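What follows is calculated from the coordinates using simple rules that are stated; it is not laboratory data. Keep in mind the model is a prediction, meaning the values are calculated, not measured. Here the Cβ is made from the backbone with ideal geometry for all residues, glycine too, and neighbour counts use every protein chain on show.
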Amino acid sequence: QSVLTQPPSVSAAPGQKVTISCSGSSSNIGNNYVSWYQQLPGAAPKLLIYDNNKRPSGIPDRFSGSKSGTSATLGITGLQTGDEADYYCGTWDSSLSAGVFGGGTKLTVL
Amino acid sequence: QVQLVESGGGLVKPGGSLRVSCAASGFTFSDYYMTWIRQAPGKGLQWVSSISTSGSTIYYADSVKGRFTISRDNAKNSLYLQMNSLRAEDTALYYCARQIAGGVDIWGQGTMVTVSS
């Protein structure tokens, strides 16, 4: 059971927009930065979003992040077949003094 | 270029020990917190442990506390994870990762640890 809750799967057509939610509590998302990771099949995870809404160099602006209270959201616009992957949210939990991840969301681009 | 390369994984019996290592290059290793994250086959990401720049501050997941020890050698640009009293549920791909304030920005390719008799 993950500390952060994500939907197991989402799907959308190419060119469309999708959002992936990540729900937590005041000890984690509510008081710490959220990051998002993309894991393509057979590859290591890659940082997509850090500090809730910042994109590392090289990440296209089709990817966006937001946070409100104890929840965070990853948005992907202009979906491409190459975006099919597992997506994870992560943050620090101040009560646990530990890093925490969501269970992951599998994105299917139909 | 910025790179993390893990090594030392393998097959170990339950109750056994193993040390995995991570060699960093392309950045000033001593400026960054470092983290181990693991992924069991077909499962999600699980944070394992983090260590501060000097090694003076260390955090562990409850599931490994008392069994695993994280350490670093800044002179050798290396990160280590000593794993003792290994269990079947420790079987996973272990990633070495560079920690920034709001996330993990660089990941290695991982080293596989299999605990089985």
| So if R0 is 25 Å, what FRET efficiency would A:ALA43 and B:SER25 give, r being the distance between their Cβ atoms, rounded to the nearest 0.05? | 0.80
| request: With θ set to phi - 60°, apply the Karplus curve 6.51 cos²θ - 1.76 cosθ + 1.60 along the range A:98-110 and write out the HN-Hα couplings as whole Hz, x wherever there is a Gly or Pro. | output: 8, x, 9, 10, x, x, x, 10, 8, 9, 10, 9, 6
| field | Vicinal HN-Hα couplings computed from phi for the range A:46-56 (Karplus, 6.51 cos²θ - 1.76 cosθ + 1.60; Hz; Gly/Pro x) | value | 10, 6, 9, 9, 9, 6, 6, 8, 9, 9, x
| request: Kindly list the residues of the range A:8-45 that lie in the label zone of A:SER68, defined by a backbone N under 17 Å from the point 7 Å along the Cα-to-C-beta vector. | output: A:18-26, A:29-31, A:34
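Averaged across A:42-50, how many Cβ atoms of other chains sit within 10 Å of each residue's Cβ atom? Provide the component values of the computation, followed by the final result.
On the way: counts 0, 3, 12, 8, 4, 9, 1, 2, 6.
The shielding value for this peptide is 5.
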| field | Exposed-loop-free span, longest in chain B, where trypsin sites (Lys or Arg not before Pro) count as exposed if DSSP calls them loop and at most 15 other C-beta atoms lie within 10 Å | value | B:1-42
| So how compact is chain B: Cα radius of gyration and Dmax in angstrom? | 13.3, 40
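With the cut-off at 1.5 for a/c, could you classify the range A:64-106 from its C-alpha gyration tensor as rounded, prolate or oblate? All intermediate terms of the calculation are to be shown ahead of the outcome.
Values: a/c = 4.03, a/b = 1.86, b/c = 2.17.
Taking the square roots of the gyration eigenvalues as a ≥ b ≥ c, the range A:64-106 is oblate.
I need the fraction of alpha carbon pairs in chain A separated by more than 20 Å, rounded to a whole percent.
Numbers: 2037 of 5995 pairs.
When all Cα pairs of chain A are counted, 34 percent exceed 20 Å.
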| field | Amide hydrogen neighbours beyond the local backbone of B:PHE68, cut-off 5 Å, H modeled | value | B:ASN84
| Which residue fluctuates the most in chain B, going by a Gaussian network model with Cα springs under 10 Å, if the choices are B:ALA61, B:ALA75, B:ALA92? | B:ALA75
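Remind me, relative contact order of the range B:46-95 in percent, using alpha carbon pairs under 8 angstrom and six or more residues apart? The partial results should precede the final answer.
On the way: 46 pairs, mean separation 12.6, N = 50.
Value for the range B:46-95: 25 percent.
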| said: What aspartates and glutamates does A:LYS17 reach when the alpha-carbon gap must be under 17 Å and sequence neighbours fewer than 8 apart in one chain are set aside? | reply: A:ASP61, A:ASP83, A:GLU84, A:ASP86
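As a quick test, which of the pairs B:LYS13/B:LYS65; A:LYS106/B:LYS43; A:LYS46/B:LYS13; A:LYS46/B:LYS65 have an alpha carbon distance above 21 angstrom in this structure? Walk me through the numbers before you get to the answer.
Details: B:LYS13/B:LYS65 19 Å; A:LYS106/B:LYS43 12 Å; A:LYS46/B:LYS13 32 Å; A:LYS46/B:LYS65 27 Å.
From the list (B:LYS13/B:LYS65; A:LYS106/B:LYS43; A:LYS46/B:LYS13; A:LYS46/B:LYS65), the Cα-Cα distance tops 21 Å for A:LYS46/B:LYS13; A:LYS46/B:LYS65.
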